[in-house]
1. Restricted to region 148-171, and to residues that are in contact with a Lys or Arg (Cβ under 7 Å, 6 or more places away or on another chain) and either not in a helix (DSSP H, G or I) or not aliphatic (A, V, I, L, M) (or both), which residue is farthest from Gly37 (Cα to Cα)?
2. Which of the residues that make up region 1-37 are exposed (fewer than 13 other Cβ atoms within 10 Å of the Cβ), of a type in the set (Asp, Glu) and outside any helix (DSSP H, G or I)?
3. Tell me, which residue of region 38-73 that is β-branched (Val, Ile, Thr) and crowded, with 17+ Cβ neighbours inside 10 Å is nearest to Arg86 (Cα to Cα)?
4. Looking only at residues that are in contact (Cβ under 8 Å) with a residue 60 or more places away in the chain and in contact with a Phe, Trp or Tyr (Cβ under 8 Å, 6 or more places away or on another chain) in region 4-53, which one is farthest from Leu137 (Cα to Cα)?
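Read the figures in this text as sums done on the coordinates, not as results from a lab. Everything quoted here is computed from the prediction, not taken from an experiment. Virtual Cβ from ideal backbone geometry, glycine too; neighbours counted across all protein chains shown.
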Amino acid sequence: MGEDELKLIRRSLDGDKNAWGEIVKRYKISVFGVALGILGNPADAEDAAQDAFIRAYQGLHTFHLDKRFSTWIFAITANLCKNKLRRDRLLAPLKYITRATQSHHNPEAQLAQDQRSQTMRDALDQLSPKYRMPLVLRYYGDLEYKEIAEMMKLPEGTVKTRIHRAKSELKRLLEQKGVVGHART
């Protein structure tokens, strides 16, 4: 964790709302992305992201300053999402995987990107949540295997196996759809 981020967390612990606002600003897109990757619904992901920041702020005193804040906030987010899926008993598909920073200046390129994204969403939709969640946390949340294992309360080897199986299954699904050139795992 950077010195600047550590200062913001300490100031937040002292009740500085502006410092907390800066932390939220830095992580809101990533937290939303993790929630969206798990829940598949933008409205639900927005709610989960807001709840994650509220819970993080309320529990900030439990955060260990020697750990990565991103791991902690992503764990809160993932747990909220898992609980929502459990409550709703839905295995919601991943509806949106592209980043919000996409360029819309070239319509042909955008259409091709939209088609690739839809193909990826369709393939991810077919994965079991037990495979989809660690894959999203690894590649969208940019978390290490160890961090995902701690977050999901699983052995690190299990996380590696699930991610490997998810990637293999995605590759197989994309090959079936004729997208062999995009099926890099």
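1. Glu156
2. Once the filter is applied, which keeps residues that are exposed (fewer than 13 other Cβ atoms within 10 Å of the Cβ), of a type in the set (Asp, Glu) and outside any helix (DSSP H, G or I), region 1-37 yields only Asp14.
3. Ile38
4. Of everything passing the filter in region 4-53, Ile9 is farthest from Leu137 (Cα to Cα).
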